[in-house]
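Here is the structure we will look at.
The values are calculated or read from the model by the stated rules, or taken from the named source; none is laboratory data. These numbers were taken from a predicted model, which means no experiment stands behind them. Every residue, glycine as well, gets a Cβ built from its backbone with ideal geometry; the counts of neighbours run over all protein chains shown. To get the accessible areas, we keep the full protein, side chains included, count just its heavy atoms, and leave off ligands, DNA and RNA. Shrake-Rupley method; radii C 1.70, N 1.55, O 1.52, S 1.80 Å.
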Amino acid sequence: MPTFNAQQSPTSKTIKLIIISLLSSLISTKAIAAVTITEIQSLKYPTTIKNINKSTVVVVNWKGKLGGGTNATLLDNDYYQGKYLVSSDTNQPISVDFFQIANEAKVNLKTLRVRYKNKTYKSFPTIALENPGRDGEIISIGAKVAAGKNATAGEKFPQYVLRITEQ
């Protein structure tokens, strides 16, 4: 809500209040469509030993399998793809965007993949996809994480955003 300057005339204040009231009533009576995203599991990478002379790469694909580009020694088998249940209360097409936040120095997510309705998407945003409906659909994600050779050793938690909107 805007603030009012004490020097405004009473008529000016009244007109502004009427406009704000009309806008508020229009906004509150309008139905808003919603896409719901429920995380089943986030994308998780295994614990590895850092390569000394080259980048350390681990690929976890959308199937939850270790990808062929992995060049690190694994210390565990605790990894899996990200899985999300997406539903909508309309029949409008959706768009999917998937990107890294870049929250870890010299650690990057690459080769991002989204699997939706039996099709794999590699570039984002992806638009005009079939709506998941009220019952929803599972979206699976996978990506390559690459820690540069100058990245510091220690736990890393690369973060990403999965954004799904109706068009």
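Remarks
- When Rg and Dmax are taken over the Cα atoms of region 37-79, they come to 11.7, 40 Å.
- Computed FRET value (nearest 0.05) for R163 with R134, which takes r as the C-beta separation and R₀ as 35 Å: 0.95
- In the context of the full set of protein chains, region 43-167 has a per residue accessible area of 55 Å² (1.4 Å probe).
- Inter-label distance, nm, simple model (7 Å from Cα along the C-beta direction), S42/T90: 2.9 nm
- V60 sits among other residues whose Cβ lies under 11 Å from its own Cβ, and their net charge, with Lys and Arg +1 and Asp and Glu -1, is +4.
- Taken about its Cα centre, region 30-167 carries a charge dipole of roughly 580 debye when the Cβ of each Lys and Arg holds +1 and the Cβ of each Asp and Glu holds -1.
- Considering region 66-167, its Cα convex hull presents a mean projected area of 7.4 nm².
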